[in-house]
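Below is one structure; the comments refer to it alone.
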Amino acid sequence: MANTTVETTPTVGETIHNHHQEILDTFTGYVTAIVDGEANANPGGLVSFLKSDLLPHAQGEEAHLYPAMDPLIKAHGSAVATMMIDHEYITGYIDKIEAATAALNSATPADQPALRTTLQHLCLQLEAVLVAHLDKEERVYIPLFEKYVPVEDQESILGGMHEAYDEAPTGELLLDVRVISPRDRHELIFATYASLLPNETFILVNDHDPKPLYYQFSAEHPGQFTWDYLEKGPEIWRVRIGTRETPAQ
């Protein structure tokens, strides 16, 4: 009996997701060509796409999807969930900007232009997220906060926010090599390790298990380094790598 392929109709959620991806892919294509100064850059085409596709999409969501979601969020969700997702993106961009900066500082002259372009893209992306995020807080959250939260509670909350600065990371270097060409990663990682003082560490962020790197460290620096997994996949691996003041026996 011949095998037959059964085609399934996408759910509404899948349809919306697919349209989101189409919008993002098209927008990214236009923007990349413009920012990189490519010969096929088409600002007029971008404007046409934004007005004929992106704006109607946003207007359709406001008119139909959001009114349906409002009572659901009140009953089953969290009103601040989207703001916390913003924070995830802000944190991710900071990690990538730090990694691109570290790579640029140690790059050869031939590699620097591409890394500068990467850094420019990341900074512009973070700026867009940050502007929208802060404006949402100013226009929606802060007025409600000042109107309905007792003043004494406001002061306590503000004090707690200030304490977050005291709990901020101490400046441990974060080396995110996901934005670095695979052929350049090991050289950058070992250069970072070589710059450490005794008992200093840095955190390596990678898109796969860097176990081969561990074996290379073991061969080149036996007993002289520390290696501690902080996160093991499936998409992100984080390893704290450091130097020993006294080589392990």
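The table that follows gives values for the structure above.
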| quantity | calculated |
| --- | --- |
| Whole-percent carbon and sulfur share, accessible surface of the chain, 1.4 Å | 58 |
| Stretch gain in nm, segment residue 26-residue 158, where the contour uses 0.36 nm per residue and the Cα spacing is subtracted | 43.4 nm |
| Under 5 Å, built H, 5+ apart or other chain: amide partners of residue 200 | 243 |
| Length-normalised contact order for the range 140-231 - Cα pairs under 8 Å, 6+ apart - percent | 27 |
| Pairs of alpha carbons in the range 10-147 whose separation is greater than 26 Å (percent) | 42 |
| Rounded to 5, percent antiparallel among DSSP beta bridges of the chain | 75 |
| Stokes-Einstein D for the chain, Kirkwood Rh over Cα pairs, 37 °C, 0.692 mPa s (µm²/s) | 144 |
| On Cα atoms only, tilt of 66-76 relative to the major axis of the chain in degrees | 60 |
| Under-5 Å amide H pairs with residue 208, H placed in peptide plane, nonlocal only | 237 |
| Mean projection area, nm², convex hull over Cα of the range 71-199 | 11.7 |
| Distant-in-sequence amide H partners of residue 173 (H built 1.01 Å from N, under 5 Å) | 203 |
| Cβ-derived FRET efficiency at R0 22 Å, residue 178 paired with residue 108, nearest 0.05 | 0.65 |
| Theoretical gain in end-to-end length, residue 220 to residue 11 [0.36 nm per residue, Cα-Cα removed] | 69.9 nm |
| C-alpha long axis of helix 211-220 to longest principal axis of the chain, angle in ° | 20 |
| Residue-span extension gain [residue 142 to residue 78] - 0.36 nm each, minus C-alpha spacing | 21.3 nm |
| Label point distance in nm, residue 125-residue 240, each placed 7 Å from Cα along Cα→Cβ | 2.8 |
| Nearest-0.05 FRET efficiency for residue 59 and residue 39, computed from C-beta distance (R0 35 Å) | 0.55 |
| Solvent-accessible heavy-atom area per residue, rounded to whole Å², over the chain at 1.4 Å | 70 |
| Local net charge near residue 128, Cβ-Cβ under 12 Å (Lys/Arg +1, Asp/Glu -1) | -3 |
| Extreme residue, positive dipole direction of the range 1-102, given options 48, 21, 76 (C-beta unit charges) | 76 |
| Exposed GluC sites (Glu not before Pro) absent - longest run of the chain, DSSP non-H/G/I/E/B, at most 16 other C-beta within 10 Å | 39-166 |
| Count of Lys pairs (Cα-Cα under 21 Å; at least 8 positions apart or interchain) in the chain | 5 |
| Point-charge dipole on Cβ atoms (K/R +1, D/E -1) for the chain, about Cα centre, debye to 20 | 600 |
| Hz values of 3J(HN,Hα) by residue in the range 25-31 - Karplus curve (6.51, -1.76, 1.60), Gly and Pro given as x | 4, 5, 4, 4, x, 4, 5 |
| Directionally averaged shadow of the range 3-74, computed from the convex hull of its alpha-carbon atoms, nm² | 8.3 |
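The values are calculated or read from the model by the stated rules, or taken from the named source; none is laboratory data. Bear in mind the structure is a predicted one, so any value in this text is a computation, not a measurement. In this analysis, Cβ positions are derived from the backbone assuming ideal geometry, glycine residues included, and neighbour counts consider all displayed protein chains. When the accessible area is computed, the model is the full protein with side chains, heavy atoms only, and any ligands, DNA or RNA have been set aside. Shrake-Rupley method; radii C 1.70, N 1.55, O 1.52, S 1.80 Å.
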